[in-house]
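Novice: First, the structure itself, so that you have it in front of you.
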Amino acid sequence: MHSHLVAVPAWRWRHEQAPVEGLLKRVANEDLVLISSGGSDWLPSNGQAVKVPENYFRLLQVGKSDEVALTVGRGPKDPAPRTFRVKPVRSDRDARYARWVTDNIEKVLKASNGDVGYMHITAMGGGGIMQFDKFWRAFRYKKGLVIDVRGNGGGWTEYFMIDKLERKMVAHNVLRNMEPFRYPGSTATGPIVVLSNEYNGSDGEAFIEHFKARKLGTVVGVPSWGGLVGILNRQMTIDNGTVEQSNNAFYDEAGKWLVEGHGADPDVVVDNDPATASAGRDAQLEKALELVQRQIRERPFAFPPVPKYPVR
């Protein structure tokens, strides 16, 4: 059975302890899927039995609001098959992405004993701001943070995020006989490591250059794709392709051209080579975690002692 048909029960089993373990075990152990082709047809006799290695996607090609009845059994003569009514999705991309982010968060938290947070930003637009803010609120009090902009599609909001990362704690607020807390509250006091790769483009590359220019932390990965400026002067080709002719570019305070045709360079070069990736490892994330944990040990944060309370 394809993963997008069981993504929701799998997520509920992992995060909500929902009683779907039986379903997931059957999906994992059995090799027969019976799918009813009618949107409102619940009769298994009208369906088609399909072995998993065959292409059953064709049976899920229904209307946008239609549902299919999916019956799982050990064979056509299974005395106790189970039928589920599902609405096929256009793509399982979002489910796979959510699973990937969740896995990375759990991996980083587990490996760091809860000391390091993780976030991924898909693009520098409204959605990216919401992603950043959600995880910033969750992890800014951690001892360290990994910000992943690999595959970032760009946009225009990178400096909103840099503004948050640049905030510094200037004071400490404390209630009598309580632990102090930060002021302003929306600040991070631990080391930050950013991940970038060849699929990070446009405003995602500006984020890397801005982050480095402000000396906010360490960048790990490979040079970004090298196209910071906007998609301008588009010309169509006879094979229906496009050629972009940019008419502007960025240069830094030292008079050096940035990014275009080269990319934003990381501080520490680590490539996710095919062999490592195929083995299920993320060498770039592993290196980022290694660096941030080392920096935590080298520069541990601690509040200064609370002054002696005045006698009034």
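The values are calculated or read from the model by the stated rules, or taken from the named source; none is laboratory data. All figures in this text were calculated on a predicted structure; none of them were measured in a lab. Positions of Cβ are backbone-derived with ideal geometry, glycine not excepted, and every protein chain shown enters the neighbour counts.
Novice: Surrounded by 19 or more Cβ atoms within 10 Å (Cβ to Cβ), assigned by TED's automatic domain parsing to the domain that holds Arg281 and either in contact with an Asp or Glu (Cβ under 6 Å, 6 or more places away or on another chain) or under 16 Å from Val292 (Cα atoms) (or both): is that true of Tyr141 in this structure?
Specialist: Criteria not met by Tyr141.
Novice: Here's something else I'd like to know. Name the one entry in Val68, Val86 that is in contact (Cβ under 8 Å) with a residue 40 or more places away in the chain, touching a helix residue (DSSP H, G or I) at 6+ places or on another chain (Cβ under 9 Å) and among the β-branched types (Val, Ile, Thr).
Specialist: Exactly one of Val68, Val86 is in contact (Cβ under 8 Å) with a residue 40 or more places away in the chain, touching a helix residue (DSSP H, G or I) at 6+ places or on another chain (Cβ under 9 Å) and among the β-branched types (Val, Ile, Thr), namely Val86.
Novice: Is it the case that the range 249-266 has a residue that's over 26 Å from Leu195 (Cβ atoms) and assigned to a strand (DSSP E or B)?
Specialist: no
Novice: In the range 272-312, which residues are of a type in the set (Gly, Ala, Ser) and not in a loop (DSSP other than H, G, I, E, B)?
Specialist: Residues satisfying the conditions are Ala275, Ala277, Ser278, Ala283, Ala288.
Novice: For the range 260-299, give me the residue count where each residue is under 24 Å from Ser202 (Cβ atoms), surrounded by 18 or more Cβ atoms within 10 Å (Cβ to Cβ), of a type in the set (A, V, I, L, M, F, W, C) and touching a strand residue (DSSP E or B) at 6+ places or on another chain (Cβ under 6 Å).
Specialist: Here the count works out to 2.
Novice: Sticking with this structure for a sec: For the condition within 19 Å of Gly155 (Cα to Cα), touching a residue at least 60 places away in the same chain (Cβ under 8 Å) and hydroxyl-bearing (Ser, Thr, Tyr), what is the one hit in Ser246, Ser202?
Specialist: None of the other options fit; the residue is Ser202.
Novice: May I pose another question? Is it fair to say Tyr199 is closer than 23 Å to Val292 by Cβ, in the same structural domain as Gly114 (by TED's automatic domain parsing) and aromatic (Phe, Trp, Tyr)?
Specialist: Here the answer is yes, as Tyr199 does meet what is asked.
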